[in-house]
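Novice: This is the structure I want to talk about, given as structure tokens.
Derivation of every value follows stated rules applied to the coordinates shown; laboratory data play no part. Predicted model only: the values in this text are computed from it and were never measured. So basically every Cβ, Gly included, is an ideal-geometry build from the backbone, and we count neighbours across all protein chains shown.
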Amino acid sequence: MIFFELFWTFFKIGLFSFGGGYAMLALIQNEVVRIHQWVTNSQFADIVAVSQVTPGPIAINAPTYIGYQSTGTITGSFWATFGVTLPSVLVTTILFVFLNRFKDSPYIKNAFKALKPTVIGLILSAALVLMTPDNFSGWQSFVFFAAAFAACYKFNVSPITLVIVSGAAGILVYG
Amino acid sequence: MKTFFELFWVFFKIGTFTIGGGFAMLPVIRAELVDRKKWISEDEFLDILAVVQSSPGPIAVNTAVFLGLRIYGFLGLIAATFGAILPSFVIILMIAALFQGIQNNPYFIAAFKGIKPAVIALILVPVISLAKKANVGGIRFLFPVGIALSVAYAHVSPIFFIIAAMVVGNVWFGRFGK
């Protein structure tokens with residue numbers, strides 16, 4: 001039964017991938033291209049490309065697309081997406097309940113004190129990973145970067161506005 | 001019930017404007033939940049980010065689950081998670097069913113060439129303000145920079161640093177107090 005297999009495969013992927021979308025892609029490729037052969041390698045490359053350039057988390061986009069591609073139905077998308085989401089919901093809920101119970105413990109408090117600079121480092125690493133020649137091609141992209149930085153930092157422009165404006169400006173400059 | 005729909009709507013926006021995965025949603029979450037709605041403080045926001053990084057699966061879903069529970073209990077979990085997933089689900093299905101090959105459309109490519117550098121800037125801005133708030137300025141900023149370089153270029157797992165921080169935090173602050 002393909003729907004159950006989709007659910008179970010993405011449940012496992014969701015449960016064993018840490019660090020979000022990009023980390024998950026290798027696991028997805030192994031399962032859906034190599035083991036189950038639901039999509040071909042070149043279809044997978046297209047799916048990754050689409051997932052990266054459409055709104056929404058890659059870790060949701062890719063399963064939704066593969067669920068549709070492999071079955072030709074929305075039901076396939078539903079089970080794949082539900083599968084990848086369920087472990088997140090369960091494990092995060094357990095962490096929430098645990099932390100709520102022990103939030104006054106000195107061990108938890110000490111841990112969070114050291115976690116603050118660590119998380120700031122992890123956010124910074126996400127920006128570094130995206131600083132590729134692909135994303136910074138030509139001087140125009142540095143102007144986009146600097147303008148967005150100034151608008152957000154100095155003038156507090158909302159991120160949503162900045163995404164829309166930079167997309168429109170991209171069409172004007174490169175289109 | 002008002003909070004239920006507000007949560008759904010906020011995470012629907014977060015899901016819609018998360019482009020480029022993972023932490024790209026962070027500036028939107030911060031703008032909406034910390035600055036506008038004031039449902040959580042900046043300090044708590046950082047703690048929550050540590051937790052959602054330690055949980056498996058899509059970070060956007062982990063964040064929705066944790067914040068949903070924190071703000072409005074079980075119903076909040078449903079509203080936030082559903083809101084975060086729905087835009088992806090609808091947009092991808094539309095592309096898969098109707099607009100195959102959209103990733104090769106020249107206007108689409110042009111828009112994203114503009115958006116990508118802007119998204120990087122949007123991720124960097126909270127790094128600065130969070131570092132100031134968490135008192136990690138000056139020489140102490142070398143800690144996050146070292147972690148960022150090891151994760152980005154030496155491919156050390158974020159989980160390693162999260163576990164190490166929990167241990168080091170208890171040894172250091174346990175011994176020297178505040």
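Novice: Just a yes or no: is a residue in region B:76-87 within 14 Å of the chain's Cα centre (by Cα) and without any contact (Cβ under 8 Å) to a residue 24 or more places away in the chain?
Specialist: For region B:76-87, residues within 14 Å of the chain's Cα centre (by Cα) and without any contact (Cβ under 8 Å) to a residue 24 or more places away in the chain: absent.
Novice: Can you tell me which residues in region A:45-95 are at the interface with chain B (Cβ under 7 Å from one of its Cβ atoms) and not in a helix (DSSP H, G or I)?
Specialist: If the condition is that a residue be at the interface with chain B (Cβ under 7 Å from one of its Cβ atoms) and not in a helix (DSSP H, G or I), then A:Val53, A:Thr54, A:Pro55, A:Gly56, A:Pro57 are the ones that fit.
Novice: Please go through region B:1-23 and give me each residue that is within 16 Å of B:Gly57 (Cα to Cα) and in a helix (DSSP H, G or I), ordered by number.
Specialist: Those that are within 16 Å of B:Gly57 (Cα to Cα) and in a helix (DSSP H, G or I): B:Gly15, B:Gly22, B:Phe23.
Novice: If I filter region B:59-96 down to residues being more than 7 Å from chain A (Cβ to nearest Cβ) and under 22 Å from A:Ser70 (Cβ atoms), which single residue comes out as surrounded by the fewest Cβ atoms within 10 Å (Cβ to Cβ)?
Specialist: B:Met94
Novice: Just give me the residues in region B:129-139 being within 7 Å of chain A (Cβ to nearest Cβ) and either within 24 Å of A:Asn135 (Cβ to Cβ) or assigned to a helix (DSSP H, G or I) (or both), in sequence order.
Specialist: Answer for region B:129-139, where residues must be within 7 Å of chain A (Cβ to nearest Cβ) and either within 24 Å of A:Asn135 (Cβ to Cβ) or assigned to a helix (DSSP H, G or I) (or both): B:Leu130, B:Ala131.
Novice: Additional query: Working carefully through the options A:Leu99, A:Leu115, find the one that is surrounded by fewer than 18 Cβ atoms within 10 Å (Cβ to Cβ), of a type outside the set (D, E, K, R), within 7 Å of chain B (Cβ to nearest Cβ) and assigned to a helix (DSSP H, G or I).
Specialist: From the options A:Leu99, A:Leu115, the qualifying one is A:Leu99.
Novice: I'm told B:Pro56 meets every condition in (1) touching a Ser or Thr at 6+ places or on another chain (Cβ under 7 Å); (2) part of a helix (DSSP H, G or I); (3) within 7 Å of chain A (Cβ to nearest Cβ) except one. Can you identify the failing condition by its number?
Specialist: (2)
Novice: Please tell me if A:Leu128 is within 26 Å of B:Ser54 (Cα to Cα), assigned to a helix (DSSP H, G or I) and in contact with a Gly (Cβ under 9 Å, 6 or more places away or on another chain).
Specialist: no
Novice: When B:Ala50 is evaluated against the numbered criteria (1) at the interface with chain A (Cβ under 9 Å from one of its Cβ atoms); (2) free of Cβ contacts under 8 Å to residues at least 40 places away in the same chain, which criterion, by number, is the only one it fails?
Specialist: All conditions are met except number (2).
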